[in-house]
Amino acid sequence: MEDKEILALYWRRDEDAVAESAKKYGHYLSTIAVRILASREDAEEAENDSYLKAWNTIPPQKPLPLAPYLGMLCRQIAIDLRRGRERQKRGGREYSLSLEELAECVAGGGEPSADLIALTDALNRFLGALPKRSRVVFLQRYFWLLTAKEIAELHGFTEGQVKMLNQRTRQRLRRQLEEEGFFDE
């Protein structure tokens, strides 16, 4: 079923919208959640909560295509579940690793001093200025939480090339954030 048809089901409040979403995007959402939560059971909970969140937000939202919207919902829910479970010492490896890698961009020189909106704008400017290859690889690693091996396979790179590209991109991000005054001295 096409996204427009599934969206129409949501707008009509037809419960088949959830079933069709699960049929078309279940594996995609499960993959996102497993990368963050490192648990099939927890991932299933996040996936199901994503459909509920979609049901509650469509309407008024009209997200086309559906995949990025459902992926964003699932990612947010999985991260929230992860944070709650980390208090209980549970968690997913890729999420932890990606945060450790990004820590060099936002930690060490003080805490970010600007509010979240300004930081978001700076990140968007940074990502927009990157060459496409660097931007895609960076987002695959730090937003979609793909491993270096998976990214390498997608692009025909070696794992080392992926790691080096992301290391250089993180260094550029750190420099830009410093230049824009996001760190206290």
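Against the condition surrounded by 13 or more Cβ atoms within 10 Å (Cβ to Cβ), at pLDDT below 95 and closer than 30 Å to E180 by Cα, how does E104 come out, does it pass? Yes. Residues in segment 114-137 that are assigned to a loop (DSSP other than H, G, I, E, B) and exposed (fewer than 13 other Cβ atoms within 10 Å of the Cβ) were compared, and the one that is modelled with the lowest pLDDT is D115.
The set of residues in segment 1-36 that are surrounded by 18 or more Cβ atoms within 10 Å (Cβ to Cβ), of a type in the set (A, V, I, L, M) and farther than 15 Å from N56 by Cα comprises L29, I32, A33, V34, I36. Within segment 138-159, the set of residues being in a loop (DSSP other than H, G, I, E, B), surrounded by 13 or more Cβ atoms within 10 Å (Cβ to Cβ) and β-branched (V, I, T) comprises just one member, T147. Looking only at residues of segment 52-100 that are modelled with pLDDT under 75 and buried (at least 16 other Cβ atoms within 10 Å of the Cβ), we find that the one that is nearest to A122 (Cα to Cα) is S98.
The values are calculated or read from the model by the stated rules, or taken from the named source; none is laboratory data. Please read these numbers as outputs of a predicted model, since none were measured by experiment. Quick reminder, even Gly has a Cβ in these numbers, built from the backbone with ideal geometry, and neighbours come from all protein chains shown.
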